[in-house]
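Let me begin by presenting the structure, written as structure tokens, before commenting on it.
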Protein chains: 2
Amino acid sequence: MVKIAVMGFGVVGSGVVDVIKKNAESIRRKAGKSIIVKHILDIREFPESLERHLLTKNVDDIMNDDEVSIVVEVMGGVEPAYAFTKRALLAGKHVVTSNKELVAAHGAELLAIAKEKNINYFFEASVGGGIPIIRPLNQCLAANEIAEINGILNGTTNYILTQMIRKGQSFEDALQDAQEKGYAERNPAADVEGHDACRKIAILSALSFGKHVDSEKIHTEGITKISLEDVEYAEEMGSVIKLIAVSKKLGDKVFARVSPMIIPREHPLAGVEDVFNAILVKGDAIGDVMFYGRGAGKFPTASAVVADVIDIVKNIDRNNRIIWSKNDENLLADIKETMASYFVRVKADDKTAVYNSVNKIFGDCSFITIENSKTQDEVAFVTPEHKEAYLQEAVARIKKLSCVHAICSIIRVEKG
Amino acid sequence: MVKIAVMGFGVVGSGVVDVIKKNAESIRRKAGKSIIVKHILDIREFPESLERHLLTKNVDDIMNDDEVSIVVEVMGGVEPAYAFTKRALLAGKHVVTSNKELVAAHGAELLAIAKEKNINYFFEASVGGGIPIIRPLNQCLAANEIAEINGILNGTTNYILTQMIRKGQSFEDALQDAQEKGYAERNPAADVEGHDACRKIAILSALSFGKHVDSEKIHTEGITKISLEDVEYAEEMGSVIKLIAVSKKLGDKVFARVSPMIIPREHPLAGVEDVFNAILVKGDAIGDVMFYGRGAGKFPTASAVVADVIDIVKNIDRNNRIIWSKNDENLLADIKETMASYFVRVKADDKTAVYNSVNKIFGDCSFITIENSKTQDEVAFVTPEHKEAYLQEAVARIKKLSCVHAICSIIRVEKG
């Protein structure tokens, strides 16, 4: 029998306790031992909970209990989760987490402590919720050099974009809808501004390339500026708009970015709708492989946490060699030096003048027209591929043209 | 340093040797030790191969070499692979295989020997080629009770169906095309008759439900009878035809089947094209999760084999508790007792008579008409859901109707 503690009795924490009880028999068969929750840490009261006898507000009850060999940290946020996790690891307790913020910020250090102590710090649930991605990347694709990862890593923004595309809802209406359904927080910034996806791609990058990637330095754009007109132009192009997180080896640097992108309907990520997430991995031997499922939610996330716990029970005496180095230099490639193609929409009266100037400045562009009274005074086009530095300078130039009244949108385009 | 032997120097075997050499440094980092190929077993000569000094025709060179702790079996077929694998396991050598035929037939026994000897018999590459599925099912979804698996498990048939759907090629032309591209064998029966998919779903069923499932008793239909008219009718229905392998818990039985199915375009498997495979798994906690990638080919398959080898090197002293029991009773549910809906096409002159009879016999059907000169003398319809026993009997009845000249097609329908 293995005794564990759960820190944080919110949505995921209560899901973890439920799954361990509900599937106790099959878990015992797979792990080889029964798994019992001995303590639950939370500062709140849960007088109605069936587990209230396990609750404590004092983290020492967990840290000082030698019977507890595995701690599940599902509190979220960097502090006090960081302090508690470090203390647990230093006390020789394995830690399993769903806390992407903490893994992105301090993963390198926590993994090093785990290795030193010959225990594990597992975080399958931190990326893609229930979707198996950390273990497949680390184990199943271990024979591959990972060349590139593209992912839809945030369910909230994918739900909002799906509502805009499928139902013609505005961003604001779709966000409110998502909040009413419980898919978005009351303060939605972490999701809609792309920060959540950014932390996840930082974790996947570190895991794939073996070095810490500073999530705060990853170029990150959210979806708040995406309009229904953009969605319609994308449709006219046979494409859809998705919030795409990308990470790619670029010489000895890593190119990582989170931004809305216009991707062709045939792209494997284009069909990923609603709150679903998907991660497309390109390895040198395997080619493209994709993992798809629910990227959040009580039971999907709990499922990933409990799978990590089972894996630890099966290998309680050894470290699993997941590690990335804590490097001080900035591993990230300068985004200005990377290639991209832009979709640009501008307000203009003299369209012919715009066509000519745009073709002169960007090189031959594809112009797109849609039947929509709101866009009659617009010119929309897709540029050829250039370095971002060049594209940004070119945008600054067209902004100054007398025939261009305003720039409405700039969205990167993935060409089929 | 860990020394391994490779049995079979065909496409996959040479891929394994290549990947181990090419990615030696990152494999050493992940495994914690270097991995060296010491012997390659094959009865053929490879005078041009860089590895010719490693070749042997005598399996004793491997079995009697105490330095070899892991054997890769990529020979295919049941014999002599079965005898060699058993001998290697009994000699305390871990075995990694891509041989679905052997795993489907003797997996239970070979896993039991591995457990007894505290070593491993790994077979990630046997299902889905390079797609991680065995390890995710066994580890990442370990907290779940698996409710259902649906998969496109054969790349050859998926390529042929994609050509029929996208390019309007006939089955025969698409098969020839697949053979020219090296996607289909000269004798394509194992693929196009569904036997390959059947072995794979037998393995996934055994793994998910913990008991041996006899692949020879799984109801299996291939795609040889699918015509371009069927493809067009499916399109009219907003659907596509795919060869779907399904496995589902049904009380204390397992329902497994391989057959062409008409599935709606919105189905997650509908967009899986060309030689790609995908496996959709439903777990009680995680909901739907899908794994997608290249289901065959030299390097994708080698990637999965080498990942298994790395995992063994990291855990050389322990069994991974993958096991299913070898039961004598037949675990499979009688397909006649399972529910289905049929798409049926019949030749007829008096269509009104057919409409009336069909509605009377099956209950209210949906009739489908397409603009195609070849189908002007046909009536096509989709039946309500019934037990297969009832549907088969009903088909026998309409076959005898004087207004029905012939039955052209019967294909199961997945209603969205």
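For (1) in a loop (DSSP other than H, G, I, E, B); (2) within 9 Å of chain B (Cβ to nearest Cβ), each residue gets a yes or a no:
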site	(1), (2)
A:285	yes, yes
A:300	no, yes
A:303	no, yes
A:311	no, yes
A:317	yes, no
A:329	yes, no
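So, in segment B:33-62, how many residues would count as being outside any helix (DSSP H, G or I), surrounded by 13 or more Cβ atoms within 10 Å (Cβ to Cβ) and either of a type outside the set (Gly, Ala, Ser) or in contact (Cβ under 8 Å) with a residue 60 or more places away in the chain (or both)? Break it down into steps so the answer makes sense when it comes.
Here is the first cut: in segment B:33-62, the residues outside any helix (DSSP H, G or I) are B:33-51, B:55-59.
Those left that are additionally surrounded by 13 or more Cβ atoms within 10 Å (Cβ to Cβ): B:33-42, B:46, B:49, B:51, B:55-56, B:59.
Restricting the remaining residues to those that are either of a type outside the set (Gly, Ala, Ser) or in contact (Cβ under 8 Å) with a residue 60 or more places away in the chain (or both) gives B:33, B:35-42, B:46, B:51, B:55-56, B:59.
Within segment B:33-62, residues that are outside any helix (DSSP H, G or I), surrounded by 13 or more Cβ atoms within 10 Å (Cβ to Cβ) and either of a type outside the set (Gly, Ala, Ser) or in contact (Cβ under 8 Å) with a residue 60 or more places away in the chain (or both) number 14.
In segment A:238-255, how many are closer than 27 Å to residue A:372 by Cα, assigned to a loop (DSSP other than H, G, I, E, B) and out of contact with any Lys or Arg (no Cβ under 8 Å at 6 or more places or on another chain)?
0
Going through segment A:370-397 one residue at a time, which ones are modelled with pLDDT of 95 or more and of a type in the set (Val, Ile, Thr)?
Of everything in segment A:370-397, those that are modelled with pLDDT of 95 or more and of a type in the set (Val, Ile, Thr) turn out to be A:379, A:382, A:383, A:395.
Being of a type in the set (A, V, I, L, M) and more than 13 Å from residue B:247 (Cβ to Cβ) is the filter; apply it to segment B:177-198 and report the residue that is surrounded by the fewest Cβ atoms within 10 Å (Cβ to Cβ).
Step one: of segment B:177-198, the residues of a type in the set (A, V, I, L, M) are B:178, B:184, B:189-190, B:192, B:197.
With more than 13 Å from residue B:247 (Cβ to Cβ) added as a condition, the list becomes B:178, B:184, B:189-190, B:192.
Numbers: B:178: 25, B:184: 22, B:189: 12, B:190: 18, B:192: 23.
Checking each candidate, the answer is B:189.
Could you please give the count of residues in segment A:63-75 that are touching a residue at least 60 places away in the same chain (Cβ under 8 Å) and among the polar types (S, T, N, Q)?
Step one: of segment A:63-75, the residues touching a residue at least 60 places away in the same chain (Cβ under 8 Å) are A:65, A:67-75.
Cutting the leftovers down to among the polar types (S, T, N, Q) gives us A:69.
Looking only at that region, the number is 1.
Within segment B:176-237, which helices (runs of 4 or more DSSP H) (wholly inside it) include 1 or more residues that are in contact with a Leu (Cβ under 6 Å, 6 or more places away or on another chain)?
Numbers: elements: B:189-192, B:195-209, B:228-236.
Helices (runs of 4 or more DSSP H) meeting the threshold: B:195-209.
Looking only at residues in segment B:151-168 that are within 14 Å of chain A (Cβ to nearest Cβ) and closer than 30 Å to residue A:23 by Cα, which one is surrounded by the fewest Cβ atoms within 10 Å (Cβ to Cβ)?
The selected residue is B:152.
Starting from residues that are surrounded by 24 or more Cβ atoms within 10 Å (Cβ to Cβ) and of a type outside the set (Gly, Ala, Ser), keep the ones in segment A:245-259 and report whichever is nearest to the chain's Cα centre (by Cα). Spell out the reasoning first.
Residues of segment A:245-259 surrounded by 24 or more Cβ atoms within 10 Å (Cβ to Cβ): A:245, A:247, A:256-258.
Adding the requirement that they be of a type outside the set (Gly, Ala, Ser) leaves A:257-258.
Working: A:257: 11, A:258: 9 Å.
In this case the residue turns out to be A:258.
Would you call residue A:289 β-branched (Val, Ile, Thr), part of a strand (DSSP E or B) and facing another protein chain (nearest Cβ under 7 Å)?
For residue A:289, the condition - β-branched (Val, Ile, Thr), part of a strand (DSSP E or B) and facing another protein chain (nearest Cβ under 7 Å) - is met.
Which pairs have Cβ atoms under 7 Å, sit 6 or more apart or on different chains, and link a residue in segment B:138-150 that is facing chain A (nearest Cβ under 7 Å) and farther than 15 Å from residue B:257 by Cα to one that is in a loop (DSSP other than H, G, I, E, B) and small (Gly, Ala, Ser)?
Within 7 Å, the pairs are B:143/B:285; B:144/B:285.
Pairs only if they're at least six apart or on different chains, beta carbon under 9 angstrom, first in segment A:354-382 and under 23 Å from residue A:231 (Cβ atoms), second exposed (fewer than 13 other Cβ atoms within 10 Å of the Cβ); list them, first residue then second.
Partner pairs satisfying both residue conditions: A:377/A:349; A:382/A:415.
Can you tell me which residues in segment A:82-127 are of a type in the set (Gly, Ala, Ser) and free of Cβ contacts under 8 Å to residues at least 60 places away in the same chain?
To start, the set of residues in segment A:82-127 that are of a type in the set (Gly, Ala, Ser) comprises A:83, A:88, A:91-92, A:98, A:104-105, A:107-108, A:112, A:114, A:125-126.
Those that are of a type in the set (Gly, Ala, Ser) and free of Cβ contacts under 8 Å to residues at least 60 places away in the same chain: A:83, A:88, A:91, A:92.
Could you count how many residues in segment A:1-57 are among the β-branched types (Val, Ile, Thr), touching a strand residue (DSSP E or B) at 6+ places or on another chain (Cβ under 7 Å) and over 30 Å from residue B:323 (Cβ atoms)?
As a first pass, look at segment A:1-57 and keep what is among the β-branched types (Val, Ile, Thr): A:2, A:4, A:6, A:11-12, A:16-17, A:19-20, A:27, A:35-37, A:40, A:43, A:56.
Right, trim to touching a strand residue (DSSP E or B) at 6+ places or on another chain (Cβ under 7 Å) and you get A:2, A:4, A:6, A:16-17, A:20, A:27, A:35-37, A:40, A:56.
Then drop every residue that is not over 30 Å from residue B:323 (Cβ atoms), which leaves A:40, A:56.
Going through segment A:1-57 one residue at a time, the tally reaches 2.
Across segment A:199-232, which residue is nearest to residue A:98 (Cα to Cα) among those that are of a type in the set (Gly, Ala, Ser) and buried (at least 20 other Cβ atoms within 10 Å of the Cβ)?
Among them, the one singled out is A:202.
Condition check ((1) surrounded by fewer than 20 Cβ atoms within 10 Å (Cβ to Cβ); (2) on the phi > 0 side of the Ramachandran plot; (3) outside any helix (DSSP H, G or I)) across all residues:
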residue	(1), (2), (3)
B:78	yes, no, yes
B:87	yes, no, no
B:103	no, no, no
B:109	yes, no, no
B:142	no, no, yes
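Hey, can you tell me all the residues within segment A:256-283 that are outside any strand (DSSP E or B) and either more than 19 Å from residue A:231 (Cα to Cα) or more than 10 Å from chain B (Cβ to nearest Cβ) (or both)? Break it down into steps so the answer makes sense when it comes.
Keep residues of segment A:256-283 that are outside any strand (DSSP E or B), which gives A:265-275.
Once the filter is applied, which keeps residues that are outside any strand (DSSP E or B) and either more than 19 Å from residue A:231 (Cα to Cα) or more than 10 Å from chain B (Cβ to nearest Cβ) (or both), segment A:256-283 yields A:267, A:269, A:274, A:275.
Pick from B:214, B:274: which is farther than 30 Å from residue B:173 by Cβ and acidic (Asp, Glu)?
Working: B:274 fails: farther than 30 Å from residue B:173 by Cβ.
B:214 is the lone residue from the list that is farther than 30 Å from residue B:173 by Cβ and acidic (Asp, Glu).
Return yes when residue B:242 is more than 10 Å from chain A (Cβ to nearest Cβ), surrounded by fewer than 22 Cβ atoms within 10 Å (Cβ to Cβ) and on the phi < 0 side of the Ramachandran plot and no when it is not. Before you say what the answer is, go through the steps one by one.
On the way: more than 10 Å from chain A (Cβ to nearest Cβ): yes; surrounded by fewer than 22 Cβ atoms within 10 Å (Cβ to Cβ): no; on the phi < 0 side of the Ramachandran plot: yes.
Answer is no for this residue.
The values are calculated or read from the model by the stated rules, or taken from the named source; none is laboratory data. The model shown is predicted, which means the values in this text are computed figures rather than measured ones. When we count neighbours, we look across all protein chains shown, and the Cβ atoms used for this are built from the backbone with ideal geometry, even at glycine.
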